[in-house]
Amino acid sequence: MGFFSRLFGRKEEHQSERALAQFKSASDSALDDLIWGELGGAASSVTGIYVSQQTALNSSAVMAAVTMLAEDVAKLPWSIFQNAEGETRKEEKNHYLYDLLEQPNEWQNGFEFREQMQVSLILRGNAYAIMPRNGRGVPLAMIPVNADWMSLWTSPDGALFYRVTTQDIHLSAMLRRYGMPPLIPLDDVLHIRGFSMNGLMGLSRIFLAREAIALFLAQEQQAARWMGNSARPSGMLSTDQKLTPEGAKRVAADIRENWGGLQNSGKVIIGEQGLKFQPFSMNSNDLQFVASREFQLKEIGRIFRIPPHMLGDISRMASNTISQMGQEYVNFTLTGYTDRWRAKYSSQFDLKRENLSIEFDYTKITQADMTQRMNNWRTAIMSMIAKPDEARIDLGLPAEGGDAAKLHYPVNLAVEGSQASGVAPDGAGRPPDDASPARSRTLNGHGENHA
């Protein structure tokens with residue numbers, strides 16, 4: 001930090017420009033074109049719709065998937081724990097990171113910070129937070145930065161740096177307040193990557209899947225325009241009589257005035273001259289359009305690895321299948337993100353050296369219905385895995401203490417050699433260790449061996 005503070009000091013701006021010229025932006029590579037897309041984070045598609053973070057979220061399916069993943073990760077309780085074999089985990093509340101997890105900066109709480117970072121990770125494959133430090137090297141805050149505003153640079157010797165390019169007034173003010181240089185060292189940026197091809201930058205999911213997202217957006221726009229501008233009625237008026245030109249014009253004007261547009265949908269026109277109403281049914285093109293929209297909904301679910309029922313499609317799902325897929329969502333989708341968070345925090349803050357770890361609590365999103373929870377606790381208590389008080393606390397009831405705070409052993413189970421009925425001390429009726437059944441059979445009452 002000292003070298004770069006001198007190199008990029010305000011009094012030596014001419015040195016800053018010369019120094020920046022020696023660095024190379026990652027945007028110079030062909031791979032980064034795949035990562036970042038075009039036009040500052042927006043990528044063109046065959047439909048003519050440009051896909052960016054903002055336009056992708058205009059899709060109801062993308063909005064649902066991103067909101068679900070971001071909120072689920074953000075709402076999981078997590079903390080820093082001291083690792084100890086054979087002992088109950090203990091929260092390390094005196095560690096500086098403990099407070100940063102709850103209050104990463106002065107304008108966001110932990111939930112809001114994780115949610116913003118997670119949205120960036122989902123859409124752009126990268127989540128960034130700048131970490132200014134004090135003189136002892138302890139982070140003072142974590143400042144989230146939109147992935148579209150951050151670029152990765154490398155020095156001639158291969159060292160990595162980050163550069164923020166934005167017109168956001170608040171972010172620029174925060175960087176100035178903490179005296180962050182134009183090129184921020186790797187150690188001062190919390191960078192959570194998605195899956196990557198070069199190990200440095202995560203791949204943008206919305207860029208890779210831009211055609212599927214653009215097609216869904218195009219279908220939504222087409223349906224909206226059809227509803228807003230179409231003059232197609234629910235049926236047709238016909239007559240065996242010949243209409244005069246004036247009468248035909250008057251009927252056409254009535255149709256435009258009373259049938260055209262969404263506001264007139266479902267209206268009935270009273271005809272004359274023997275006019276008869278013939279209702280229309282959906283043709284094959286209409287049915288194909290509806291089916292294609294359902295397919296695109298599932299396509300978006302595949303992109304973000306979200307089960308269809310969580311996006312509102314339960315047309316072909318049984319209740320037992322929904323329960324199973326909900327568990328698979330936690331196991332195969334959600335933990336993919338939480339494990340990235342855990343691994344990055346562990347390496348960024350060197351937690352392993354201090355025998356510490358970040359742990360997420362998944363019980364908030366894996367809780368079953370009340371009946372299932374009661375059955376689960378009953379089984380756990382009878383299996384000597386849980387205590388009655390633990391079940392009461394989980395179900396929102398006060399702890400009883402006493403025997404309820406102990407493990408309960410069923411009467412038909414006992415430790416080997418114990419007197420399970422409780423009417424005699426442990427070991428009662430058991431022969432001495434030196435008197436095996438075989439030896440007892442070979443001795444008579446006088447101690448003589450007749451074998």
Has region 143-154 got at least one residue that is assigned to a loop (DSSP other than H, G, I, E, B) and touching a Pro at 6+ places or on another chain (Cβ under 7 Å)?
no
If you go through region 156-165 one residue at a time, do you hit one that is within 30 Å of M68 (Cβ to Cβ) and under 17 Å from the mean Cα position of the chain (by Cα)?
no
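Okay, residues lined up against (1) part of a helix (DSSP H, G or I); (2) at pLDDT 80 or above:
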residue: Q278; (1), (2): no, no
residue: M282; (1), (2): no, no
residue: M317; (1), (2): no, no
residue: N320; (1), (2): yes, no
residue: S323; (1), (2): yes, no
residue: T333; (1), (2): yes, yes
residue: Y345; (1), (2): yes, yes
residue: K364; (1), (2): yes, no
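Residues are listed down the side, and each one gets a yes or a no for (1) crowded, with 19+ Cβ neighbours inside 10 Å; (2) touching a His at 6+ places or on another chain (Cβ under 7 Å); (3) at pLDDT below 95; (4) not polar (S, T, N, Q):
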| position | (1), (2), (3), (4) |
| --- | --- |
| M142 | yes, no, no, yes |
| A147 | yes, no, yes, yes |
| L152 | yes, no, yes, yes |
| P156 | no, no, yes, yes |
| L160 | no, no, yes, yes |
| I169 | no, no, yes, yes |
| R177 | no, no, yes, yes |
Return a yes/no flag: does region 119-129 have any residue that is out of contact with any Lys or Arg (no Cβ under 8 Å at 6 or more places or on another chain), outside any helix (DSSP H, G or I) and on the phi > 0 side of the Ramachandran plot.
no
In region 52-105, the residues that are touching a residue at least 40 places away in the same chain (Cβ under 8 Å) and assigned to a strand (DSSP E or B):
W78, S79, I80, F81, Q82
Yes or no: region 203-224 includes at least one residue that is in a loop (DSSP other than H, G, I, E, B) and at pLDDT 90 or above.
yes
Going by the conditions given, is R177 out of contact with any Phe, Trp or Tyr (no Cβ under 7 Å at 6 or more places or on another chain), among the basic types (K, R) and without any contact (Cβ under 8 Å) to a residue 40 or more places away in the chain?
yes
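The values are calculated or read from the model by the stated rules, or taken from the named source; none is laboratory data. The structure displayed is predicted, hence computed values, not measured ones. All Cβ positions, even for glycine, are placed from backbone atoms using ideal geometry, and neighbour counts span all protein chains on display.
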